[in-house]
C-alpha cells in the first residue's frame, strides 16, 4: 500500500470569475479600433500571443507584445490596433469582484497550457458549459497573476496598491479589518503590514481610520445626515464610539465640527 498527502498551511479559495466574452484576433497592419466609453463596465484581460499592438487607455498608452498580459477596465479604453504588421491576441471580458487585480500594469506571463486560451474560446459559446469555462479561465487568471515576471511588477508595491484600492472601496464596512484584507489579497497579515507601511507610511488600520474620518468630515460639512447614521454607515459600532474616536482625531465632537464648518462657510457669512 502507498499512501501520501499534500497539504498547504495557507489554504486559499479560488476567485469567483464570470467570463462574458472572448475574442480571438489575428490582425494585420490595417487593424485599428476606436472605442466610446461603455455602460456595461467589465474587466478586460488582453493576452498577446504573437506580434505587437498598441492600446490607448484613459491613464496611458501601452504596447502589448508576445507573452504579455494587460488587465484594464472596459470603461478606460480609447483605441487600439496593430503596431506593425501583425498582432495575435485573445481579449477576455470578465467579472471578478472577489479578486483585486493589477490594472494597467503590463506583465510577462506564460499559460499553464498552450491550449487553454483556445479551449476557453471554443467552449464559451456552449451555454451549458459557461460555468465550466469560467472556472477554467479563473484558474488561468490565477496562474497568470501568481507567475507574472517579477521584473515587470514589484510584488510589494502591487499588494500596497491593491490594499489601498480595497480600503477606499470598503472602509465603510464594519469588517474591513487586517485579516479580511490580507485574505482577499492572498498574503499574510505580517507581510501586508510590512509592505503597506513601507509604501504608504501608515498601517492598514490607520489608513482605514483616515478614510473614515475624511468621509465623516465631508458629510458633516455638506449634508444634514444624523450623526448616528454617519457613524453606522462608516463601520462604527455606534454613535458614542464614533464621537469619541472623531474627537480624538480632530479635537472636537462631530456636532461641534459641523457647527464650526457651517459657521465658517461663505454662504453662512452672507
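A compact table of results
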item	result
Positions within segment 58-83 being touching a residue at least 12 places away in the same chain (Cβ under 8 Å), farther than 22 Å from residue 117 by Cβ and in a strand (DSSP E or B), in sequence order	60, 78, 79
Single match in 257, 191 (criterion: touching a helix residue (DSSP H, G or I) at 6+ places or on another chain (Cβ under 8 Å), closer than 25 Å to residue 164 by Cα, assigned by TED's automatic domain parsing to the domain that holds residue 172 and assigned to a helix (DSSP H, G or I))	191
Filter pass, residue 94 being assigned to a strand (DSSP E or B), under 23 Å from residue 33 (Cβ atoms) and in contact (Cβ under 8 Å) with a residue 12 or more places away in the chain	yes
Number of positions in segment 245-254 that are more than 20 Å from residue 171 (Cβ to Cβ) and either part of a helix (DSSP H, G or I) or touching a helix residue (DSSP H, G or I) at 6+ places or on another chain (Cβ under 8 Å) (or both)	2
Any hit, segment 144-155, residues being at pLDDT 85 or above and assigned to a helix (DSSP H, G or I)	yes
Residue within segment 209-224 that is outside the structural domain of residue 101 (by TED's automatic domain parsing) and more than 30 Å from residue 161 (Cβ to Cβ) present	yes
Residue match in segment 223-230 (condition: part of a helix (DSSP H, G or I), surrounded by fewer than 16 Cβ atoms within 10 Å (Cβ to Cβ) and modelled with pLDDT of 90 or more)	yes
Residue satisfying condition, being at pLDDT 90 or above and surrounded by fewer than 19 Cβ atoms within 10 Å (Cβ to Cβ), within set 139, 122, 66	66
Residue list for segment 41-54, filter: more than 20 Å from residue 121 (Cβ to Cβ) and either more than 17 Å from the chain's Cα centre (by Cα) or in a strand (DSSP E or B) (or both)	52, 54
Matching entry among 164, 159, 133, 187 (being modelled with pLDDT of 75 or more and touching a strand residue (DSSP E or B) at 6+ places or on another chain (Cβ under 9 Å))	133
Tally of residues being surrounded by fewer than 18 Cβ atoms within 10 Å (Cβ to Cβ), over 17 Å from residue 168 (Cα atoms) and within 29 Å of the chain's Cα centre (by Cα) across segment 233-244	1
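The values are calculated or read from the model by the stated rules, or taken from the named source; none is laboratory data. In this text the structure is predicted, and so the values were computed from the model without any measurement. All Cβ positions, glycine included, derive from the backbone under ideal geometry; neighbour counts span all protein chains shown.
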